[in-house]
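Read the structure below first, then the notes.
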Amino acid sequence: MKRTLRIKLFLYRFVSTALGKALLRLMSFGVRVKNLDGKKEKNPKKYPFLVVITTDTEAGYVNKDERRIWQKEDPEAFIGYYYGIRNLMNIFDKHRIKTTFFLSTQCFSSKGAEYNKIKKELGNAIRKEHEIGLHLHPDSDIALQKKLLRKFNATSAFFYTYREKLKIIKAAKGLIEKHLGKTIGKKLISFRWGNWALDSNGARALNKLGFRVDSSATPGIKGHFRAKTKYDWSKVKRHYPWKLSITDYQATNHNNSNIMEVPIATFDFFGIKLRADPVNSVLLNRAFMEYYKKADRSKKSFPFVVITHSCESMYYDGKPTRALKDLDSFISLAKKNGDVEFVTLKEAYERMLIS
Ligand SMILES: [Zn+2]
C-alpha cells in the first residue's frame, strides 16, 4: 500500500474513535481559511450564507477496516448508489434540506433488481426537489464506454482531447436523459469532473454543451500527479464564485464563458490543505465557522460547498458510516445560525446571479 494511502487509512480509523475525535476537536484551532478578506467591521452580513451539500454519487462502499472501495476498484458495487442515496436522503429528510447529487452514469450499467432500486432512490430524491448534476469518471463508467463503443483508461480530463471530452460529456448527458427522463435532462446544468480533474478544454466542452455551473474546483489543492486521476487547482486562491475560463481553467479573471465556477470550500489545517468534507469530521465544523464569520456577504450571498460521496455513507451491509453521522452533526450545527440556508447548486447559482 502506498504511504499516503496508509496515512489516510490511519486517519480514517483514528477519527472514527471517540478519542480521535476529541483530540481532533482540541486541535481544530489549527484550521485557517486564507484569502477570504472579510474584515468584520466592513463586512455586514446582509445576504444569507448558503450551504450547498453536494454528493458525488457512485459505486463503492466503506470496508469494515475503513478502507474505501471506490468505483474504479469495484464498478459493480451498485450498493454505493442505492444504499448510499438512501442513507443520505434519511439525513436530508430529517433536516428538510435540498441538496445536489452529482451522478456518475455508471449506475445505468446495473440490471434487474439493482437497477430498479437505484431508479427508486433517484426518483425519491428528484421528487423531493434535490438536484441531479453530472459527475464524470470515464474509466470506471461502463455504461458510458458501452454507449461510445470504446474503453477509457483515465478519469482525469487531462488525458483526453477536446473532441473526446465533447463526446464523453454529450454521451453521459444522453444517458441521464434516457434513464431519468427528458425533464431531468433539460434541467441538467451542474457539473463536477471526477477527482476534480477538469482542464481548460473540458471547461470549453462544458460551455459548448450548455452547462451553467461547475463545482470541480478545490482552491489551492492538487494531487494524484503520477496517476490517471491527476488534478490541479493549486494556482486558484479564490473561494468566491467566478466565471470559469475556457482558455486557462485556473484563471479566475477571464470572463470568457457562460459557466459559473462555484468551488468546493477548502481550508488549511496546520498547513495541510483539506476539503469541506464530513470525512474530515469536526474540522468541517470549524471550517464552516471560519467561512461563516469571514466571508464577505455585503453584496452577495456566499455559497459554502460541502462535498461527500454516496459510497462513503455506508458499509457493505448498508449500515451508516462515521462520515454520514458527522454530516448529520454538521447540518445540525450549521442550521443553528439564523441566516444560513441550505440550497441546491442550481439555486445557489441563481441567487448569485440576482443578488
Ligand atoms: Zn467521483
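Listed values, structure above:
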quantity	calculated
Selection within segment 191-212 - surrounded by fewer than 24 Cβ atoms within 10 Å (Cβ to Cβ) and among the basic types (K, R)	R204, K208, R212
Close pairs (6 angstrom Cβ cut-off, 6 or more residues apart or separate chains): more than 14 Å from R86 (Cα to Cα) and within 16 Å of the ligand (Cβ to nearest atom) in segment 293-320, assigned to a loop (DSSP other than H, G, I, E, B) and not aliphatic (A, V, I, L, M) anywhere	V305/S215; I307/D277
Residues located in segment 1-19, provided they are part of a helix (DSSP H, G or I), closer than 22 Å to H224 by Cα and of a type in the set (A, V, I, L, M)	L5, I7, L9, L11
Residue list for segment 290-334, restricted to those being in a strand (DSSP E or B) and either under 21 Å from E121 (Cα atoms) or of a type in the set (A, V, I, L, M) (or both)	V305, V306, I307, T308, H309, M314, Y315, P320
Close pairs (9 angstrom Cβ cut-off, 6 or more residues apart or separate chains): within 21 Å of E347 (Cβ to Cβ) and free of Cβ contacts under 8 Å to residues at least 24 places away in the same chain in segment 235-255, of a type in the set (D, E, K, R) and buried (at least 21 other Cβ atoms within 10 Å of the Cβ) anywhere	W242/E261; K243/E261
Conditions (1) within 20 Å of R192 (Cβ to Cβ); (2) modelled with pLDDT under 95; (3) of a type outside the set (D, E); number of the one not met by V282	(1)
Search result, residues across segment 147-204 that are hydroxyl-bearing (S, T, Y) and under 25 Å from A251 (Cα atoms)	T155, S156, Y160, T161, Y162, S190, S200
Residues satisfying the stated conditions in segment 213-232, i.e. crowded, with 23+ Cβ neighbours inside 10 Å and either part of a loop (DSSP other than H, G, I, E, B) or of a type in the set (A, V, I, L, M) (or both)	V213, S215, S216, A217, T218, P219
Qualifying residue in segment 103-116 (condition: surrounded by fewer than 18 Cβ atoms within 10 Å (Cβ to Cβ) and either among the small types (G, A, S) or closer than 16 Å to E312 by Cβ (or both))	yes
Tally, over segment 296-352, of residues that are under 15 Å from the mean Cα position of the chain (by Cα) and under 21 Å from Y12 (Cβ atoms)	11
Output for segment 122-159, where each listed residue is out of contact with any His (no Cβ under 7 Å at 6 or more places or on another chain), under 25 Å from T55 (Cβ atoms) and in a loop (DSSP other than H, G, I, E, B)	K128, E129, H130, H137, D141, F152, A154, S156
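Residue-by-condition table, conditions (1) of a type outside the set (A, V, I, L, M, F, W, C); (2) under 30 Å from T17 (Cβ atoms):
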residue	(1), (2)
N207	yes, no
S216	yes, no
K228	yes, no
L244	no, no
E290	yes, yes
V305	no, yes
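The values are calculated or read from the model by the stated rules, or taken from the named source; none is laboratory data. As the structure is a prediction and not an experimental result, all values here were calculated from the model. Note that we place each Cβ from the backbone using ideal geometry, even for glycine, and neighbour counts take in every protein chain shown.
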